[in-house]
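What follows is a short report on a single structure.
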Number of protein chains: 2
Amino acid sequence: MAESGAPTQRESMADRIYQALKEDIFEFRLIPGDKFSESDIAQRLSASRTPVREALYRLEREGYVDVLFRSGWQIRQLDFKQIEELYDLRITLERAAMHKICRLDKPPPALRLLNDIWNPDAPSERAFGSTVRALDESFHCELVAAAGNDEMTQVHQRITDRLRIVRRLDFTRPDRIDATYREHAEILQALIANNPGEAAEKMTAHIRTSQEAVKGISLERIREVSQQHRRREPGCP
Amino acid sequence: MAESGAPTQRESMADRIYQALKEDIFEFRLIPGDKFSESDIAQRLSASRTPVREALYRLEREGYVDVLFRSGWQIRQLDFKQIEELYDLRITLERAAMHKICRLDKPPPALRLLNDIWNPDAPSERAFGSTVRALDESFHCELVAAAGNDEMTQVHQRITDRLRIVRRLDFTRPDRIDATYREHAEILQALIANNPGEAAEKMTAHIRTSQEAVKGISLERIREVSQQHRRREPGCP
DNA sequence: TAACACATTCTTGTATACAAGATTGCAACC
DNA sequence: GGTTGCAATCTTGTATACAAGAATGTGTTA
């Protein structure tokens, strides 16, 4: 649905700023601890403070930034307890999705489509690097969406966004990529065989692996990656 | 925790307006379909448009109002599919909470406290009417909180808020109050007996009952109740 | 009466002005 | 050097001004 039918309003300035800032965070151009003021952003993005504030408050409610009363804004620090809890909640939702999918009248088309990706006939069709990361994310999101509860899908999407930053630091080791293909394939097989219990167990184990990998992350690691990114695409803030 | 220790900032105007509007919605002073402008609210609450907008956008993201481009704001219509999905998600979360509670090292104190309320030694200690409604809400919220995942608790709280409007129209028939006491007591007994499966099943059935009761709700019913409220406390918008 | 044209009013979205207070830099002093 | 006092600057929170366009009411015409 590109450019959906209702052109009630062009994308507002506030939306653009929101998107831009969120991308800055995901791309490590803004990292935890970075401080800035509303005027900084407004100047950089050629806007006034009003839409900037709107975007920032949205990001604040979603957990990405903190506002310090009369002392500027700050990219929120990593909170490892929170990350654990978000993973935990993700597991709860995705397990529930497994059961819901198996209770559907007929298997959703997404199952076949995903199976084509993760059970490729020719192993050479496998993707690499950052593509796998994006594919992995959409695997989980599409499975939850296939369960048919939009509210659940939205909550899950918000969690996925929130965890993207730390997950970007994983997904480097090739053995994990191999394992991801294998585990996704097994989950899909269990779903197609209408075995929700097995699918849920395999999904739990799969996510726990990711959760474990993320535990080693530190602010230093983020700084490193941020530096690498900056060197590759210079001229940014 | 009244007036928590960090007086970093007095409650902002935007916060006050947000709370006031949310209460207006919960108390049926604003009902689905009602239209108004930012200036209306600003004048009524003696503020400027800026904090009003902030509050409104927050309410919009939480699903309570819609902004119509250059045509004012509107209390969001009831969406029965969404209500179904929210109930469904609530069941998912509360079932998960049952299992989490039983996996804790030792039973949380909340269990005993809740048991004192819902398994009262003397049946005469039972609460009535709107008190039961509030107690029921906190029963569910506190159980989820007892599971120990703050992120889950927050998501659940948001869902609870969102469903409060329709749940207020339930909880009138005395037989439902009796049943609520019985069902809550049974859930707590199952938890104390460390039987998560049974607790989850009973919780599911309990919530489904509420979900069914809510299905009969219509906009007309809300209008009626709104009129009653207005008559009782006149002088409001 | 019904329908159309036009002008007025109203609405949001954005930009800017102002207020209260936090932060910071610097000079003076021990 | 280390600390204190103070003023200049910066910051958010709120109020207001303006712009583009939607909604509405009114007068006119048939």
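Remarks
- Anchor A:K35: aspartates and glutamates whose Cα lies under 19 Å away (excluding residues fewer than 8 positions away in-chain): A:E23, A:D24, A:E27, A:E54, A:E60, A:E62, A:D66, A:D79, A:E220, A:E224
- Taken one residue at a time, the phi angles of the stretch A:131-145 give Karplus couplings (6.51, -1.76, 1.60, θ = phi - 60°) of 5, 4, 4, 5, 5, 4, 4, 6, 4, 5, 5, 6, 5, 5, 4 Hz. Gly and Pro are set to x.
- Shielding by other protein chains, A:90-98, mean Cβ within 10 Å: 3
- Scattering from the stretch B:105-174 was approximated by placing one identical point on each alpha carbon and applying the Debye formula without solvent; log10 I(q)/I(0) at 0.17 1/Å stands at -0.73.
- Prolate/oblate/rounded call for the stretch B:21-180, Cα gyration tensor, a/c under 1.5 rounded: prolate
- Pair-distance distribution of the protein assembly as shown: all C-alpha pairs, bin width 20 Å, starting at 0; shares per bin in whole percent are 20, 53, 27, 1.
- Inter-copy label distances at B:E198, shortest first and taken from points set 7 Å along Cα to Cβ: 3.1 nm.
- On Cα atoms only, tilt of A:13-26 relative to the major axis of chain A in degrees: 70
- Overall, the protein assembly as shown carries a charge dipole of about 940 debye about its Cα centre when +1 sits on the Cβ of Lys and Arg and -1 on the Cβ of Asp and Glu, all other atoms neutral.
- Taking Cα centre as origin and charging only the Cβ of basic (Lys, Arg, +1) and acidic (Asp, Glu, -1) residues, the dipole magnitude of the stretch A:80-214 rounds to 220 debye.
- Take B:D15, push a point 7 Å out from Cα through the beta-carbon direction, and compare it with the same point in every other copy: 3.1 nm, smallest first.
- What separates the A:N119 label point from its copies, with the point 7 Å along Cα to Cβ, is 4.8 nm, written shortest first.
- Long pairs among A:K81/A:K215; A:K100/A:K202; A:K215/B:K106, criterion Cα-Cα beyond 18 Å: A:K215/B:K106
- Taking every C-alpha pair closer than 8 Å and separated by at least 6 residues, the mean separation divided by the residue count of chain A gives a relative contact order of 24 percent.
- Only helices enter this figure: runs of n ≥ 4 DSSP H residues, each worth -39500 (n - 2.57), summed and divided by the residues of chain B, yield -22000 deg cm²/dmol at 222 nm to the nearest 500.
- Size of the stretch B:4-75 as Cα extents on the principal axes (Å, biggest first): 40, 23, 21
- Cα-based helix-to-principal-axis angle, A:196-214 vs chain A, degrees rounded to 10: 40
- Projecting the Cα atoms of A:I117, B:S37, A:M152 onto the dipole axis of the protein assembly as shown, where Lys and Arg carry +1 and Asp and Glu carry -1 at the beta carbon, places B:S37 farthest toward the positive end.
- Helix B:174-192 and the longest principal axis of the Cα set of chain B meet at an angle near 60°.
- Ranked by how many other beta carbons lie within 10 Å on average, peptides B:137-147, B:64-74 from highest: B:137-147, B:64-74
- Net charge dipole size for chain B [Lys, Arg +1 and Asp, Glu -1 on Cβ; Debye, nearest 20]: 600
- Packing-based ranking of B:176-183, A:216-223 yields B:176-183, A:216-223, ordered from highest to lowest mean Cβ neighbour count within 10 Å.
- Dipole axis of the stretch B:80-214 (+1 Lys, Arg; -1 Asp, Glu on Cβ), positive-most option in B:I177, B:F80, B:T204: B:F80
- Mean shadow area of the stretch A:139-237, taken as a quarter of the surface of its Cα convex hull (nm²): 8.1
- For B:L30, the residues whose amide H sits under 5 Å from its own are B:I25, ignoring neighbours fewer than 5 places away on the same chain, with H placed 1.01 Å from N.
- Packing rank of A:90-99, A:108-117, where each peptide gets the mean count of other beta carbons within 10 Å, highest leading: A:90-99, A:108-117
Read-outs throughout are calculated quantities, based only on the coordinates presented, and are distinct from any laboratory measurement. If you're wondering where the values come from, they're calculated on a predicted model, not measured in any experiment. Note: ideal-geometry Cβ built from the backbone for every residue, glycine included; neighbour counts use all protein chains shown.
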